[in-house]
Structure formats: C-alpha cells, structure tokens
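No value in this document is a laboratory result; all are computed from the given coordinates. Just so we're clear, the structure is a prediction, and the values are computed from it rather than from any experiment. Cβ placement follows ideal geometry from the backbone for every residue including glycine, while neighbour counts extend to all protein chains displayed.
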Amino acid sequence: MGNTARTMKATPEINSTPWQSGQRSDFLAVLDDYPTPDISPPIFQVGEKLRVISDEGGWWRARSLTTGHESYIPEKYVAKVYHGWLFEGLGREKAEELLLLPNTKIGSFMIRKSETTKGSYSLSVRHAHVKHYRICRLPNNWYYISPGHTFQCLEDLVNHYSEVADGLCCVLSNPCLTQHTISNEGRIQDPPVVMRNKAFRWKDKQRSKEDDDEIVDMLGMEDSGLSYGLRNSIASYLALTGENDSSSYVRKKKKSQSVIYRREVTSQPAFMFHED
C-alpha cells in the first residue's frame, strides 16, 4: 500500500476561472463508517471531515478534523470537497444522509454532479426535508437554476443564493458538515465557510450631491463590479430619496451581459428546475 506510486487527481471542472484552476480539495468527507461496525469499532464515522496527509494510491492517509485521530481510509469511503460546498464522489441518497445528520441546520447545502444530466450539477438544501435543484449549464458555460438568473460560475451562484432565496426553499446558510474542528494546538475553531455579507445601510452614510453624482456615474459602468440587479436597486433608492436625479442611469441601456441577469417578475421566478 505504501509503495504504490501516487496518482494525481484533477479538480472537477466547474468553469475556467482562477479560483478553481489547480486547487486541491479542502477536505475529505467520510461517507460511511470505516471499518464497518461488524468488523471492528469505526476509526472514522460518517460525516467526519478529514485532512489529507498523503495519497497512497487507492487509500488516503488522513487526520480527523473532529477527533484529531490519524489513520488510513479507502478512497471509496470518502468524497472530496472543494470550496467547502462542492462535493465530488457522492449521489443524491448519500447527499441526503449527510444533510440530515444531527445538528445540521436549516439552509445547510452542497453542490454535486447531477446523476441524471451529464454536465449539470445539483444543489441539495436542508429544509423540512432535503430539496434538490438542478443547476443547468448554458452553451457559454454560465449556470442557472431559474432561467431568469444566470451566473458566470458556481461561486457566483452560491453567493447570490446566500443573500436571497429567489425561489429556493430557503436562503443558503452554511455548507454541509460545517462543524467545529481541532487545530494543531488542540483548540476548537470554526473552519472558513461561505457567509452572507453584512447589510449595507445607506441611512448610516452621509451623502452629498457630488457623492451621488459619482455613484450614478459608477452605476452606468458595465465593469463596475456590481450586478445588474444591484445597480438597478441602488438607482431606484437614489430616485426615491429625492436627493439626486438618477434618471441618467435609468436611461442608459445595458449593452452587454452582466454577471447576474435578472428578468422582471412579480413574485416567484417563472419556474425552478427541481429534481424528482
């Protein structure tokens, strides 16, 4: 086992983006107790997070981030996890099992490869029950759950639905298996996870007409870094306050595609892609 040559395993393709290219998995997620209880007391239990020490060819030498215990485990007993929420090597049934583990909160989620549609992904979310949503990929490699909202990469999709539900059963709160871990010094600490940004409060900001003019100019820039929907929301706020005429931005037509394309709707998106 220890003399087997190492084999490099590629990160699953998400999109050709700098944050994904060449990145190693964050941790391994244990899918089943190992060894099975009928053989001996398990060394690693389902739901534990493991830090890889070495790849021994079909086996991982890993350390538990829950107990600190170090041992070997076969590859088939674990899933590789990227960015805290992208799980490779598990299906719908195992996703539900992990999301229904004790102490898992409402809004916990993961993204995994779709079992029914090649090239697509599935978003699994813990609610009263586990809900599954198909993530479709456009010919230009953008992604969407509802056709009214498209995203350049999965990271943008996760960030968006961590802010608003937009037709999902709930807002995404924490990646699946978020839990306390043990550092090298033996202290308990929380691992970094995707978190929602703090709300920006305009009323706490002192604004002048010159500041508003600069904001309107920024809103008209396609490369401002703000999504189309956010720019519209800010422009609407400026118009409602009466402190600035934001019509200069409203009159400008969108000439190119934004990171998030939003279609005007009255309540819920036209439809969502649910997995049966």
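Within 10 Å of each residue's Cβ, count the other Cβ atoms and sort VAL171, VAL30 from fewest upward.
VAL171, VAL30
Pulled fully out, how much extra length does the chain show between GLU115 and ASN140, if you take 0.36 nm times their separation in residues and subtract their Cα-Cα distance?
Here the answer is 6.8 nm.
Quick one: length gained pulling ALA165 to HIS127 fully straight, 0.36 nm per residue minus the C-alpha distance?
Contour length minus the Cα-Cα distance gives 12.5 nm.
Need one number: convex hull volume per residue for segment 28-160, Cα atoms only, in Å³.
137
What's the magnitude of the charge dipole for segment 13-155 around its Cα centre, counting Lys and Arg as +1 and Asp and Glu as -1 at the beta-carbon? Answer in Debye, nearest 20.
Taking the Cα centre of segment 13-155 as origin, the dipole is about 500 debye.
Applying the Karplus parametrisation 6.51 cos²θ - 1.76 cosθ + 1.60 with θ = phi - 60° to the phi angles of segment 34-42, what ³J(HN,Hα) value in whole Hz is obtained for each residue in order, glycine and proline being reported as x?
9, x, 5, x, 6, 9, 6, x, x
Any chance you could run the full-extension gain for ILE106 through ALA239? It's 0.36 nm times the residue separation minus the Cα-Cα distance, nm to one decimal.
Gain on extension, ILE106 to ALA239, equals 44.2 nm.
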